[in-house]
Amino acid sequence: MFDFYFEIPLVIRLFLQGLAVIMVIFPIAGACSMAERKVAAWIQDRPGPNRAVVPWVAWIPFLGTFLQRLGIFHVMADGGKMLFKEDSLPGHVNKFYFVLAPIVAMIPALTTVVVVPFGAYLDAAGKIIPVGLAPLDVGILAVFAVSSLGVYSMILAGWASNSKYPFLGSVRASAQLISYELSMALSVLPVFLWVNAPGMEATMGFGRVVEFQSQPGFLGGMWFGFLMPLSAFIFFVALFAETNRQPFDTVESESDLVGSFHTEYGAFKWGLFFVAEYSHMIVGSGVFMLLFGGGWNPLPWVPLADLVGWLAQITPLASHPLFVGVLSISIFLGKVLAMIFLFMWVRWTLPRFRYDQVMKIGWQRLLPLSIANLLFYAIAIAFIQK
Amino acid sequence: MAVITVERKPLTFLERTYLPQIAGGLKTTLKHLVAPKKTLEYPEQRPAIPTGYRGVPTLVMDPNGREKCVSCQLCEFVCPPKAIRITPGEIPADQPDRAHVEKGPKAFDIDMLRCIYCGLCQEVCPEEAIFLQNQFSMSGYSREEMVNHKDRLYELGGTLPDAHFKWDKKKAAEEHGNAH
Amino acid sequence: MNLKAETLSKIDEVITHYPVKRSATLPLLHLIQEDIGHLPADTSEWVAAKLELEPINVLEVITFYPMFRQKPIGRRHIKVCRTLSCALVGGYKTCATFEAEFKTHLGEVSPDGEVTVDFVECLASCGTAPVVLIDDELHEKVDVAKAKQLSDQIKAEAKKR
Amino acid sequence: MIATAKPDLVTVNIDGKEIAVPKGTNVIEAARLVNVDVPHYCYHPKLTIVGNCRMCLIEMGMPAVDPATKAPIMDPATGKQKINWIPRPQIGCGTNVSPGLHVRTTTPMVKDAREGVMEFLLINHPLDCPICDQAGECKLQEQATGYGRGYSRFIEDKNVKPKRTQLGPRVTLDDERCILCSRCIRFSKEIAKDDVLGFVDRGSYSTLTCFPGKKLENNYSLNTVDICPVGALTSTDFRFKMRVWFLKQTNAIDTESSVGANTVVWSREGTIYRITPRRNDEVNDTWMADSGRVLFKAVQAPDRLSAVKINGTDSAFDIAINAAAELFKANAGAVAVVGSGRSTVEEQFLTKQLATALKASTHLVSRVGEGDKLLVSADRNPNVRGALVTGLISTLPGVKLVDLGAQIDAGKVKVVVTVGEDLAAAGLNAGQLAKISLIVLGTHAKSMDGGAKVVIPTLTAFEKSGTFVNQQFRIQKFLKAVPPMAGATDDLIVLAKLVGAAGGATIPTEVNALWKTIAAAVPALATTTFANLPETGQLLDATPFSALPFVEGETLHYKPAQPVVAAANA
């Protein structure tokens, strides 16, 4: 059915796929920024942004008003503003690196998406095949490797700004990322230890992890989040730190560093930093869901295949590959968005840690914990898979 | 001075992880997420102005519609940011309802870009002619527009009830009083 | 100033009584009032010139004493005592009676030009209050009835003329 | 201890403080010397004492002596001589000091007396302070605060009196506010010798009036406004113009005649609102003439010069100086300088320097009017003696610039520099003016401005600091009251530039620095500095000029050295 697609030369196909990802990530990032403002408002008992409206939408009764009250047109207003306002370049900055920084920020943010599968479809054999741009075997390693490059953008931005607050912010950013990357990596190791059972072809890809969580049986159907709560917790906390979200946003920390690395930025360059931050969040949430949240499986002990099977009993259309693809992507996206809501919810609940607390948590709490966690599961898995 | 040492209860392990507190916090914010909104949508919904509110300073008329200000310039003197500027003038003798007051402002300007809404002008006014009233939003497109002139000040101020009738009494005394 | 020759000579004489001319101000004013009946507007200037003063000095004296009249009065001058003793036994009523009888108000000349009624301070006959001085003649215990009687008498005398 | 008094001094004790004062001093003045304030309304140091306000009531006593032996009676409790206090309070203004007099101003009796007097004074005083021009400098306001009861017990109706009587062309009377101190009446009678004010209807309705048909219109009428302790007499010109607490006070000198009355200029934000006299017992006591109080109106007059002009077209200052320099060069030896008796000493000094540099003849315009024997003298130039002292002129100026006219007619003078003088008004005729190239330094548009080659606007006396030498050869300074008008340049700067243009030395134009130059160049001013000049002025040695026939007749605190013979010449 989609054979024509596979007849397109590979380069163009990959280009189209890449474009598609950008076309999805950008609006979601924009929507996230909007959602952030709305969630913030609701948590603070405010209505939030609710003014902007496109004229012809405003004419639709009820729906127009509803959309306006929801504030969704502020995404367009904000985006338009960011695109069209004067993009000033301060006189005292290192111009080349200053312009380079937001570009550098975007590259890892968009690149990591490549290796993250965001759904699955049933092949002719009825086997669930993950959908992703590049289902690499090194999966998690690629994510770690590329996403940690994001910190270079902050260092570049802070240094190129030639201003003390951005510089302080960028120093904090590098320290914070190094501190938490360790725990993060250690926390996911037990997952891969488990899924790479002796005798199997070894992989660091996400497909196997989700596949593992889709197995029938009690342990199989149980997501890693339940199987390894400590790992999940450490990964979750480290994720906050990696994406510079509250309570770990000492990097941005507007109350003591003005705006930190993006103090001197404005307009679209500033916007790019935020799109990058949200892409990080999206990718991070995706990785968390793949590793600990069952991927595109709807519920614990209810794998996607079972759901498709049940639906197929109602209508045979349900086993159509396209439907399964859309269903799985929707489930996965839903989980990711739920994660992002969690990010926002936490943001408006917890106060920011002090910088020394951030370092202390990272090195003195999370790192020993993750090492202990790794040792525990290494031994446990050794016993189980003996 | 007695020093009372308050024994602090040591934190339990769970408390030291802060996780229960974080969960409690999340619960609180979740409650607020669905709670009814507490804000006013300002231009459409106006707040109720409490009595004694110090809004834009205005000039008021007495119940007879006569201007109360006699341009004593005490408000100009007391105004900390020097927002008030008065040009005093004499009320000509041919105005039957005002001539007995003798003096009134020829020009009365309040620069709302300078005004800090402190209310000292109202406090110092011996004639109770200047009041900070309910009006709280002032805007304009130019600096000139932000200067309230006398006409505008009276338009904003209107007429307030007044129990003194000092000048009415004075006029009555002039007409029927202890004149020799 | 239209003074009688007799008054003028009296004035010149009275000035010599005092070491400084200024002191003759009061006697001069009395003499002029006796002559004319009141003190016309140019009195101050005339007396000032006479006594080498400034007119304002004389005017101050004229306005100070209630007995100096700056306006003409009626042919008869009725002064009713207003001070405590007389007021207590009906001085106010007496005064009102005179006012009603001659259809006039205090200090004004009655319409027929006959009298001026004044309500004045103590006439120094408290024992026989209320007292009334008509020109230079003192009338004692003038109650309302006697006031009417006095009024009739004045009216009758006026008719005779 | 009672100090031994000098023969003409009397030692008194005021609130426990001993002070020796000259005989004849009254208690208010004696108390002032020990910084004890005795409140008063009717008393004025330069007027007779009437003692009718009763505000200065104080307690007095004399040391007790035994009537028989005249031996002092000692108080065993204190070991000092007993004081016989007079049981009733006495007025301070009407009591002259006597040896050993004891005064108490802080006792309950004095306090009660003051409260009582204040209460009576306020009975009929209207609550006019918000509209009253005197508010802020009102004795009644101050003393009601300082010594009054603080609240009113008066529930009856106040007397109603005329509110805006025009006593004269310059004075407005509000009779309700009058507290009957009679200062104005005494001033009119004693100082102005124009006895037109008086109280009529004395009693509850005492009213200050001008005699019907007369007006308070003598040239000193506004002094009554100054001495009025309340707001009864107000200046019609200043009425309702500005509250006094906004006004900045600057010491100045009256420029209308050679009396040099000391004044205070009251201004706010560069606008002058009024001029009042300043006490100088050697010159003008506490008075000044009305005519001197309106001089400030010249500062903002519509005909003020505000642009440098060359041949009638607007130009720039430096170009004008260059044009002057060219005129000087082209007509070397044929230049005359007309100085002014209205210029300051500093300007006259620079004018003299200019004349020296140009080798020019100097002239001064004379203004002779009639003296009023009080504070306006016959010589209407405030500073002719300054010109004599600085050497700008050596003889008194002749009438109508006859010398200069003759020189022009003879063709000896082709360029005239005039410092603030209108040559047409000063006596040159149109033909003479047509023959010369004129360089004008002036403040106001004048008839010959159109014909002048170079016109440089300069400052009025209110916009600059300087000194004048008055008829007594008293050098007095005045200070800048308001900032200079835009477009006008300080006379000193213009003159110094002209001196430079004429090839002379550079002279500092800052007044203190300039005075160092002046002190070095002018022997009579060798010991004078601008900064340290006393408030009351400094008398200069007049002997070198004693032979000159000055035109002034006798005025307050001035007697001409010789009978006025110059009048005959004039």
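Loop-resident GluC sites (Glu not before Pro) (DSSP state other than H, G, I, E or B) in region C:115-148 with no more than 16 further Cβ atoms inside 10 Å of their Cβ: C:Glu121, C:Glu140.
Taking the Cα atoms of region D:379-427, the ratio Rg/Rh between the radius of gyration and the Kirkwood radius comes to 0.97.
When you restrict to C-alpha pairs under 8 Å that are six or more residues apart and normalise by the size of region C:5-64, the relative contact order lands at 27 percent.
Think of region D:309-544 as having a plus end and a minus end, set by charges on the Cβ of Lys, Arg, Asp and Glu; of D:Val368, D:Gly398, D:Val440, D:Gly398 sits farthest toward the positive end of this dipole. Inter-chain neighbour count for D:242-250: the average number of beta-carbon atoms from partner chains within 10 Å of each residue's beta-carbon is 2.
Near C:Cys81, once Lys and Arg are set to +1 and Asp and Glu to -1 for all other residues with Cβ below 11 Å from its Cβ, the sum equals -1. Each label was represented as a point 7 Å from its Cα along the Cα-to-Cβ direction; for A:Met23 and C:Cys122 these points are 12.0 nm apart. Of all lysines in the structure, the ones whose alpha carbon falls short of 29 Å from that of A:Lys386, not counting any fewer than 8 places away in one chain, are A:Lys127.
Count charges around B:Lys9 for me, please; just the other residues with Cβ under 14 Å from its Cβ, Lys/Arg as +1, Asp/Glu as -1. The partial results should precede the final answer.
Numbers: positive: B:Arg8, B:Arg16; negative: B:Glu7, B:Glu15.
Net charge around B:Lys9: 0.
For a test of the definition: using alpha carbon positions, the gyration tensor, and the 1.5 limit on a/c, classify region D:132-181 as rounded, prolate or oblate. Oblate, since a/c reaches 1.5 and b/c is not below a/b. Going through the cross-link list D:Lys46/D:Lys480; D:Lys139/D:Lys163; B:Lys150/D:Lys241, which pairs have a Cα-Cα distance over 22 Å in this structure? Table pairs above 22 Å Cα-Cα are D:Lys46/D:Lys480.
Loop-located chymotrypsin sites (Phe, Trp or Tyr not before Pro) across region A:2-97 with a Cβ neighbour count of 13 or fewer within 10 Å are A:Phe2, A:Trp59, A:Phe62, with loop assigned by DSSP. Averaged over the residues of peptide B:65-75, the number of Cβ atoms from other protein chains lying within 10 Å of each residue's Cβ is 3. When both bridge partners sit in the protein assembly as shown, DSSP labels roughly 75% of those beta bridges antiparallel.
Charges at C-beta only: +1 for Lys and Arg, -1 for Asp and Glu. How large is the resulting dipole of the protein assembly as shown about its Cα centre, in Debye rounded to 20? Display every interim value, and only then the final one.
Details: 128 positive and 125 negative charges, 301 e Å.
Here the size comes out at about 1440 debye.
Cross-link partners for B:Lys169 among the aspartates and glutamates, with Cα-Cα distance under 17 Å and sequence neighbours closer than 8 places in the same chain left out: B:Asp62, B:Glu67, B:Asp97, B:Glu102, B:Glu127, B:Glu128, D:Asp128, D:Glu156, D:Asp157, D:Glu176.
Distances between placed amide hydrogens fall under 5 Å for D:Gln81 paired with D:Asp75, all partners being 5 or more residues away or on another chain. The label-point distance for B:Arg66 and D:Lys111, in a model that sets each label 7 Å from Cα toward Cβ, rounds to 4.1 nm. Phi angles across region D:174-180 convert, under the Karplus curve 6.51 cos²θ - 1.76 cosθ + 1.60 with θ = phi - 60°, into 3J(HN,Hα) values of 10, 5, 4, 7, 5, 10, 6 Hz, Gly and Pro given as x.
When the charge dipole of region D:144-268 is built from unit charges on Cβ atoms (+1 for Lys and Arg, -1 for Asp and Glu) and taken about the Cα centre, the candidate among D:Ala192, D:Phe154, D:Phe240 whose Cα reaches farthest toward its positive end is D:Phe154. Near D:Leu57, the amide H atoms lying under 5 Å from its own belong to D:Gly92; only residues 5 or more places off or on other chains count, and H is placed 1.01 Å from N. Partner lysines whose Cα lies under 25 Å from the Cα of D:Lys82, excluding those fewer than 8 positions away in the same chain, are identified as D:Lys6, D:Lys17, D:Lys23, D:Lys70, D:Lys111.
Run the numbers for A:Glu86 and A:Arg51: contour at 0.36 nm per residue of separation, minus the present Cα-Cα distance, in nm.
Working: separation 35, 0.36 × 35 = 12.60 nm, distance 2.34 nm.
Going from the current span to full extension adds 10.3 nm.
Sequence-ordered 3J(HN,Hα) estimates for region A:46-60 from the Karplus curve with 6.51, -1.76 and 1.60 and θ = phi - 60° stand at 10, x, x, x, 8, 9, 5, 7, 8, x, 5, 6, 4, 6, 5 Hz, glycine and proline given as x.
About its Cα centre, how strong a charge dipole does chain A have in debye, to the nearest 20, once Lys and Arg get +1 and Asp and Glu get -1 at the Cβ?
Computed about the Cα centre, the dipole is about 680 debye.
Each of C:Thr16, C:Trp46, C:Leu28 was scored by the projection of its Cα onto the charge dipole of region C:5-64, and the greatest displacement toward the positive side belongs to C:Thr16; charges sit on the C-beta of Lys, Arg, Asp and Glu. Packing around the peptides B:26-34, D:212-220, taken as the average count of other Cβ atoms within 10 Å per residue, puts them in this order, highest first: D:212-220, B:26-34. Placing +1 on the Cβ of every Lys and Arg and -1 on the Cβ of every Asp and Glu, with nothing else charged, gives region C:5-64 a dipole about its Cα centre of roughly 160 debye.
For region A:252-268, backbone phi angles converted through the Karplus equation (6.51, -1.76, 1.60; θ = phi - 60°) give residue-by-residue couplings of 8, 5, 4, 6, 10, 10, 6, x, 6, 4, 9, 3, 8, 8, x, 6, 6 Hz, Gly and Pro being listed as x.
By the gyration tensor of its Cα atoms, with a ≥ b ≥ c the square roots of the eigenvalues, what is the shape of region A:218-313: rounded for a/c under 1.5, prolate for a/b over b/c, or oblate? Could the numbers behind the result be given before it?
Numbers: a/c = 5.62, a/b = 2.19, b/c = 2.57.
It is oblate, given that a/c is not under 1.5 and a/b is not larger than b/c.
Neighbouring Cβ atoms within 10 Å as the yardstick, rank D:Lys477, C:Lys93 fewest first.
Values: D:Lys477 23, C:Lys93 16.
Listing D:Lys477, C:Lys93 from fewest to most nearby Cβ atoms yields C:Lys93, D:Lys477.
What relative contact order, as a whole-number percentage, does chain D give when Cα pairs under 8 Å and 6 or more residues apart are counted?
On the way: 1165 pairs, mean separation 60.3, N = 570.
Computed over chain D, the figure is 11 percent.
Ordering B:Asp111, D:Asp491, D:Asp75 by the number of other Cβ atoms within 10 Å of each residue's own Cβ, fewest first, gives D:Asp75, B:Asp111, D:Asp491.
Quick one: go through region B:88-120 and flag any residue whose amide nitrogen is under 17 Å from the point 7 Å out along the Cα-to-Cβ line of D:Thr271. Residues B:88-91, B:104-111 qualify, since their backbone N sits under 17 Å from the label point. What's the lysine pair count for region C:7-93 at a Cα cut-off below 16 Å, pairs eight or more apart or interchain? Total qualifying Lys-Lys pairs in region C:7-93 comes to 5.
Can you give the average number of partner chain beta-carbon atoms within 10 Å of each beta-carbon in peptide A:42-52, as a whole number?
On the way: counts 6, 8, 6, 7, 5, 5, 2, 0, 1, 1, 0.
Average per residue, whole number: 4.
The listed peptides D:254-262, D:305-313, ordered by packing as a protection proxy, come out as D:254-262, D:305-313 (highest mean of other Cβ atoms within 10 Å first).
Going down the table (B:Lys82/D:Lys161; D:Lys248/D:Lys400; C:Lys4/C:Lys160; A:Lys164/B:Lys37), which pairs top 30 Å between alpha carbons? Pairs exceeding the cut-off: B:Lys82/D:Lys161; D:Lys248/D:Lys400; A:Lys164/B:Lys37.
Would you please put D:175-184, C:60-69, C:150-159, D:120-129 in order of how densely packed they are, using the mean number of other Cβ atoms within 10 angstrom per residue and starting with the highest? Show your work: numbers first, answer last.
Values: D:175-184: 22.3, C:60-69: 16.4, C:150-159: 13.9, D:120-129: 18.5.
The most tightly packed comes first, giving D:175-184, D:120-129, C:60-69, C:150-159.
Throughout, read-outs are computed from the coordinates displayed, never taken from laboratory work. Treat the numbers as computed from the prediction; the structure is a model and nothing was measured. Positions of Cβ are generated from backbone atoms using ideal geometry, with glycine treated the same way; all protein chains shown enter the neighbour counts.
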